[in-house]
Amino acid sequence: MSLFDGPRGALSELTRPEGWVLGVSVAFLLFLLVAMLTGALGPTYFLFLVGLAGMYALLSFGLNAQWGFTGLINFSVAAFFGIGAYGTALMTASGSPIAGGLNPLVGLVVALVVALALALLIGIPTLRLRADYLAIASLGLAEVVRLIVLNERWLTNGSAGLRGIPGFFHGWPVLSTFPEAMPGLRLEVIPGSPVTLKTAFWQASLNVLLVLAFAGVTYFVLRRAHRSPWGRVLRTIRSDEDLARALGKDTYSFKMQSFVLGSLIMALAGVFYAHLNLYVGPGDLDPITTFYAWVAVILGGSGSNRGALFGGVVIVTIREGTRFLNDVALPIDPAPLRLLLIGVVIVAVMRYRPQGILPPQRELIWPSAVDGGGTPETPDSGVRERKGGGDNE
Amino acid sequence: MSEGALPKDDAVLRVDDLQKSFGGLAATDHATFAVERGTITGLIGPNGAGKSTLFNLITGFYTPDGGTVEVNGTDVTGMEPYEVADHGLIRTFQTPRKLEGMTVREAMLVGSRNQPGESFLTLLSSPGTVAESESANLAEVEQILADFEIDHLATQPATDISGGQMKLVELARAMLAEPEVLLLDEPVAGVNPTLAKKLKDQIRRLNGQGTTFLLIEHDMEFVMDLADPIVVLDQGHVLTEGTPKGVRNDDRVIDAYLGGGA
Ligand SMILES: Nc1ncnc2c1ncn2[C@@H]1O[C@H](COP(=O)(O)OP(=O)(O)O)[C@@H](O)[C@H]1O
Ligand SMILES: [Mg+2]
């Protein structure tokens, strides 16, 4: 099942939706590449988009670890994202009213610690209760965090937001001066439309590197954790918590772990965002972020890490793609159009593929126990595809 | 003396003066009985007698208003279900529990106790240990499925099998947890006679290997054939306890069933 079986072997094992997603992704990448080479899409802006996609992927990973794995309904994605962004910004920004100027690594740690505290604060009273309590409490929490950020000026600068956030690699050896040290590069692939790569491009490359590291490590950890006894207990809780309790599982503890893990990943997305955008404001805690994360997870397929990744990329494509519609001079504003488009996508997915585009495929059994044995009838893929309803091929 | 009065020197489960009411209704009304190690003890009574409630009280799903539950001599009253399970008591539910999106063997694997891979940190720090125990557990699952003659279901979606097969899987999974005492709530309700016979054989076989059973069952023939002694519950309290024969000929039991305890 690994890519090492050779590309043909791997390709033939793809389900139809997987092949479809792969094809569209490759086509989309080619399209972006052409747009870049012809100068229609600035390379620096392209890298910024990749960064955003990574950020949304992180948010979706986080929510997937809560909703997709365990069935926890968290409506405060934006709050944990905001805590991450503000946590690091308050430590590192020159405009910070409390600390400022510290190394971004300090910012990262502080952001994660605050997010952990907040996750425990809301998890402890609600996770012992029925599922809907967390949903309601998290809805309230999101608004409370947003109002605190907006109104407690001594702490957060209020509506003015925080300026002067350094790049994440500020103060690191080599990497902090890397963008300035790189020479400007002038490429002319297509005659007549040269592309110049300057300091901003190298800065953006570093950001992409950072988000790839964040998202890569997260993906690795989640994948390992999901196809394991741990992930199996979470899925049992998701479909029948009482059964998990009867079989001797401390479900409260498992739910707490899943909730904290997801919240930390969301905060990580916020940390990245602060050092990408170099400015954070109360608007970054708007509930729309929560909405986007939910759309991404449901679209991708609840419980599937790949699905979350895919959903995150789709969200950025829709969010940023609609900006270009300005150029085409549409008679309507792109902002409502964007929401309309997302609404249509969600309705279409729910109607024709309720399990999402890339639902989880494999059994939650430690891979070496099933793959290594080489039992011929091992249904390594397609188990859930069959029961998925939607489209049976 | 009408209550669970048989002498029990080696009780694996002891219920003493247990009480629970819902609003004004005393669903469990000063119930007292014990389950002797090595037996298959039946728990019968008319609909609404409080049998399932009693199970919920014993296993920590409900908190009793009064009384105590002892498992293996340890007072487990008020403990969380997982703590009660840790003391060697496992239960099944009256309505089969479906695990959405899991295969049968995957759903079975949830039953194994003390899996190192259930600790998040162990997953990252010592994957080798996890892999080892997972392979061992999977082998055990395949063995138990074979013992139950349902190994052909291993990779079926757990939601696609028949109700009777689901009951078999539940029993098999409960056995994976290696309980000392297993509480079964209506194991053959809605199960066809062939599978019911199979379940009966399995329960007997497992009992022969040392597992103690407490089972609720409506099917009189089934329970009278399998269980000894039998505890009769009526309106939340223990009416009597005795051999199948003794219970069958007890007028109070007949009254309880016919007259709704009037
Ligand atoms: N959670 C509950 N809330 C309110 N009433 C309950 C609850 N559980 C059981 N009861 C009531 O307690 C009585 C005994 O129910 P139960 O234990 O399910 O009976 P049995 O399993 O013997 O048929 C019934 O009258 C039932 O309605
Ligand atoms: Mg009942």
Number of partner chain Cβ atoms within 10 Å, mean per residue of B:85-98: 3
Residue of B:G246, B:G48, B:G24 that the Gaussian network model of chain B assigns the largest fluctuation, springs spanning Cα pairs under 10 Å: B:G24
To the nearest 10 degrees, how steep is helix B:193-208 against the longest Cα principal axis of chain B, on a 0 to 90 scale? 90
Per the C-alpha gyration tensor (a ≥ b ≥ c, the square roots of its eigenvalues), chain B is rounded if a/c is under 1.5, else prolate if a/b beats b/c, else oblate; here it's prolate
Given only helices, namely DSSP H runs of n ≥ 4 each adding -39500 (n - 2.57), what is the per-residue ellipticity at 222 nm of chain A, to the nearest 500 deg cm²/dmol? -21000 deg cm²/dmol
5 Å is the cut-off here: which amide hydrogens, built 1.01 Å from N in the peptide plane, fall below it relative to B:L215, excluding neighbours closer than 5 in sequence? B:T41, B:G42, B:L43, B:L184
From phi via Karplus (6.51, -1.76, 1.60), per-residue ³J(HN,Hα) for the stretch B:42-54 in Hz, x at Gly/Pro: x, 10, 10, x, x, 3, x, 5, x, 5, 5, 4, 4
Table column - 3J(HN,Hα) (Hz), the stretch A:56-66, Karplus curve with 6.51, -1.76, 1.60, x for Gly and Pro: 5, 4, 4, 4, 5, 4, x, 5, 5, 5, 9
Projecting the Cα atoms of B:P244, A:Y279, A:T177 onto the charge dipole of the protein assembly as shown, where Lys and Arg contribute +1 and Asp and Glu -1 at Cβ, the residue farthest towards the positive end is A:T177
Where Lys and Arg each count +1 and Asp and Glu each count -1, what net charge lies around A:I342 among other residues with Cβ under 14 Å from its Cβ? +1
Between the residues A:A27, A:G301, A:L129, the Cα farthest towards the positive end of the dipole of chain A, that dipole coming from +1 and -1 charges on the beta-carbon of Lys, Arg, Asp and Glu, is from A:L129
What nm distance separates the two modelled labels at B:R252 and B:K197, each placed 7 Å from Cα along Cα→Cβ? 3.7
Between B:D9 and A:E320, the two model label points (7 Å from Cα along the beta-carbon direction) sit apart by a distance in nm of 7.9
Global geometry of the stretch A:9-97, whether rounded, prolate or oblate, following the gyration tensor of its Cα atoms and the 1.5 cut on a/c: oblate
Placed amide H near B:R91: partners under 5 Å, 5+ positions off or other chain: B:L183
Let me check I've understood the local charge: for A:P97, count other residues with C-beta under 11 angstrom from its C-beta, Lys and Arg +1, Asp and Glu -1. What total comes out? 0
Euclidean distance of C-alpha centroids, the stretch B:35-90 and the stretch A:118-186, integer Å: 48
At a 10 angstrom cut-off on C-beta neighbours, averaged per residue, how do the peptides A:339-351, A:102-114, A:149-161, A:273-285 rank from highest to lowest? A:273-285, A:102-114, A:149-161, A:339-351
What are the ³J(HN,Hα) couplings of the stretch B:231-243, residue after residue, when phi is run through the Karplus curve with 6.51, -1.76, 1.60 and θ = phi - 60°? Round to Hz, x for glycine and proline. 9, 10, 10, 9, 6, x, 10, 6, 7, 6, 9, x, 6
Mind telling me which of B:I216, B:I40, B:I161 comes out most flexible in a GNM of chain B, alpha-carbon contacts under 10 Å? B:I161
For chain B, what is the charge dipole size about the Cα centre, in debye to the nearest 20, if Lys and Arg each add +1 at the Cβ and Asp and Glu each add -1 at the Cβ? 460
With Cβ to Cβ distances under 11 Å as the rule, what net charge do the other residues near B:P46 carry (K, R +1; D, E -1)? -1
What is the magnitude of the charge dipole of the protein assembly as shown about its Cα centre, with +1 placed on the Cβ of each Lys and Arg, -1 on the Cβ of each Asp and Glu, and no other charges, expressed in debye to the nearest 20? 2520
Under a point-charge model restricted to the Cβ atoms of Lys and Arg (+1) and Asp and Glu (-1), what is the dipole moment magnitude of the stretch B:100-158 relative to its Cα centre, in debye to the nearest 20? 180
Could you work out how far helix B:127-147 tilts from the main Cα principal axis of chain B, as a 0 to 90 degree angle to the nearest 10? 50
Shape call, chain A: gyration tensor on alpha carbons, a/c limit 1.5: oblate
How many angstrom separate the Cα center of the stretch A:291-321 from the Cα center of the stretch A:15-90? 7
Which one of B:S133, B:I150, B:A107 is farthest out on the positive end of the charge dipole of the stretch B:100-158, using unit charges on Cβ (Lys, Arg +1; Asp, Glu -1) and the Cα centre as origin? B:S133
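Where a number appears in this text, it was derived from the coordinates with a stated rule and is not lab data. Bear in mind the structure is a predicted one, so any value in this text is a computation, not a measurement. All Cβ positions, glycine included, derive from the backbone under ideal geometry; neighbour counts span all protein chains shown.
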